[in-house]
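What follows is calculated from the coordinates using simple rules that are stated; it is not laboratory data. Just so you know, these numbers come straight off a predicted model, no measurement behind them. With ideal geometry, Cβ positions are generated from the backbone for all residues, glycine too; neighbour counts draw on all protein chains shown.
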Amino acid sequence: MIDKVPTPTANKLTAVKGMNDLLPPDSATVEWLEAKVRGLMARFAYRNIRTPIVERTPLFVRGLGEVTDIVEKEMYCFDDRLNGDPLTLRPEATAGVVRAAIEHSLLYDGGKRLYYMGPMFRHERPQKGRYRQFDQIGAEALGFPGADVDAELILMATALWAEIGLTDVRLELNSLGQPPERLAHRQALIAYLEQNIALLDEEARRRLHSNPLRILDTKNPHMQSLVNAAPKLLDFLGEASLAHFSTLKAILDANGVAYTVNPRLVRGMDYYNLTVFEFTTDRLGSQGTVCAGGRYDYLFEQLGGKPTPAIGWALGVDRVLELAKTAGRLGTAAPLDAYAIVTDVAAMPMVLSTLQALRNSGISVQMHASSADGMGSMKSQFKRADTSGARYALIFGTDEVASQQVTVKPLRDAGTAQVTRSLADLAAWAPTLQSCV
Ligand code: ATP
Ligand code: MG
């Protein structure tokens with residue numbers, strides 16, 4: 001129901017800034033990555049969850065924290081025009097996954113390992129590697145308190161980098177400890193920052209008392225030496241938190257996973273505790289974080305559920321693909337097996353049933369579609385067949401159609417002769433269309 005048509009700002013209807021169309025052949029690279037991820041998740045026993053793209057706004061305000069970049073300035077919020085409910089396009093998926101887990105008592109019979117893929121929305125300044133609609137792939141392990149699961153998630157990400165051929169990815173680790181440890185650190189940090197108030201930028205001053213930890217995450221180059229010398233959270237951790245961190249590091253060491261401990265690593269959302277980590281690269285300029293995650297043992301309670309330990313990560317699909325591209329490892333669409341060339345439109349019923357049989361036996365085949373004045377010349381059809389990338393042309397000429405046959409002509413190897421095949425024994429020769437020419 002559109003009761004008021006908004007005044008157009010331009011005559012042309014174009015995509016919204018920062019929200020990109022993904023066109024073929026580029027879309028094949030995303031499908032390639034998604035297929036790799038599906039296989040990987042299955043091998044690690046993570047199962048797919050699909051939550052809505054629109055959630056109630058308070059989910060993110062309560063889940064991510066009021067004083068975060070996302071909630072303060074990046075969310076696409078709107079009121080449901082019929083009942084006025086405040087709604088938001090999801091800026092990330094963890095809050096929605098936890099909401100769904102609580103709503104459906106998903107953990108009634110124990111922990112759950114889940115993964116998702118899909119679009120997220122953040123009103124940021126669009127630039128390379130940073131968009132307003134972007135795809136994330138994420139994994140969440142719900143209901144497991146131990147550092148072994150932290151390690152499992154990190155190992156799963158490193159297995160993905162290996163599988164898609166990424167070598168220039170570094171792992172940075174930190175522990176944010178538990179709330180009382182963070183509180184003690186927070187007090188020391190505020191005292192330190194107050195002593196240096198003259199060196200803080202406007203945003204840092206605003207966050208000094210509301211979210212001082214986030215000041216350590218500043219991208220302002222003038223504040224780097226100040227934050228480098230700030231009290232470190234790692235120095236405030238108690239025995240249990242340190243033990244959790246050491247267990248994780250020992251498992252990573254045993255698996256030959258290299259990492260650096262970055263005591264300044266904090267994450268953009270408030271919900272993290274203990275383990276936090278990021279996979280970064282130097283190859284993508286300032287948008288160098290390809291995957292990030294951490295433990296969020298208090299998020300269930302914050303969203304009205306029972307206390308439930310949990311941890312997860314999310315990767316930026318655009319950044320991972322860009323990196324795979326620089327490494328020359330980007331997957332592409334599978335080549336087309338065959339292109340059907342037809343001289344007479346009257347043969348179409350027979351042609352389509354032949355193509356149907358071929359497709360049922362796993363052959364990919366593109367049909368030359370008729371136009372208003374028929375099928376077009378053989379020459380133009382062969383041209384299309386060539387640009388389609390197909391390895392074979394299937395020629396349904398007058399003679400072939402009359403004798404219930406088809407001529408199979410290799411398009412990629414001039415030295416190989418064409419053969420005429422009988423449609424009656426299609427099942428026998430169909431597989432040869434998939435063998436290399
Ligand atoms: P950044 O510091 O780059 O803003 P972030 O901490 O906001 O990242 P997360 O919320 O942890 O990012 O999201 C996980 C991953 O999703 C990031 O590491 C990145 O690869 C990707 N990502 C985040 N925001 C965007 C965006 N606007 N466009 C494209 N990818 C993004
Ligand atoms: Mg961000």
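Could you tell me how far the Cα centroid of the range 70-109 sits from the Cα centroid of the range 299-368, in Å? So the two Cα centres are separated by 29 Å. Between the beta carbons of residue 187 and residue 432, assuming R0 = 60 Å, the FRET efficiency works out to 0.20 to the nearest 0.05. Between the Cα long axis of helix 378-388 and the first principal axis of the chain there is an angle of about 20°, rounded to the nearest 10.
In this structure, residue 124 and residue 254 have a Cβ-Cβ separation that, at R0 = 35 Å, corresponds to a calculated FRET efficiency of about 0.35. Checking every one of the trypsin sites (Lys or Arg not before Pro) in the range 154-235 against DSSP loop status and a limit of 12 other Cβ atoms within 10 Å picks out 219. Ranking of 41, 378 by neighbouring Cβ atoms within 10 Å, starting from the fewest: 378, 41.
Ordering 337, 85, 282 from the fewest to the most neighbouring beta carbons within 10 Å gives 282, 85, 337. Label zone (residue 155, point 7 Å along Cα-to-C-beta; backbone nitrogen cut-off 19 Å) within the range 239-266: 244-260. Volume of the convex hull of the chain (Cα atoms only), normalised per residue: 222 Å³.
Each part gets one Cα centre, and for the range 14-50 versus the range 203-246 those centres are 34 Å apart. Take the Cα of residue 108, step 7 Å toward its Cβ, do the same at residue 246, and the gap between the two points is 4.1 nm.
Once the Cα atoms are used to define both axes, helix 147-163 deviates from the longest principal axis of the chain by about 40 degrees. The order of 154, 197, 102, going from fewest to most other C-beta atoms within 10 Å of their C-beta, is 197, 102, 154. Converting phi to 3J(HN,Hα) with the Karplus coefficients 6.51, -1.76 and 1.60 and the offset θ = phi - 60°, the range 107-122 yields 9, 4, 10, x, x, 10, 10, 10, 9, 9, 9, x, x, 10, 10, 9 Hz in sequence order, with x at every glycine or proline. Lys and Arg at +1, Asp and Glu at -1: add these up for the other residues within a Cβ distance under 11 Å of residue 131 and post the number. Summing Lys and Arg as +1 and Asp and Glu as -1 gives +4. Seen against the Cα atoms of the chain and their longest principal axis, helix 27-43 is set at about 60 degrees. The chymotrypsin sites (Phe, Trp or Tyr not before Pro) found in the range 71-146 that occupy coil by DSSP, while having at most 16 further C-beta atoms within 10 Å, are 108.
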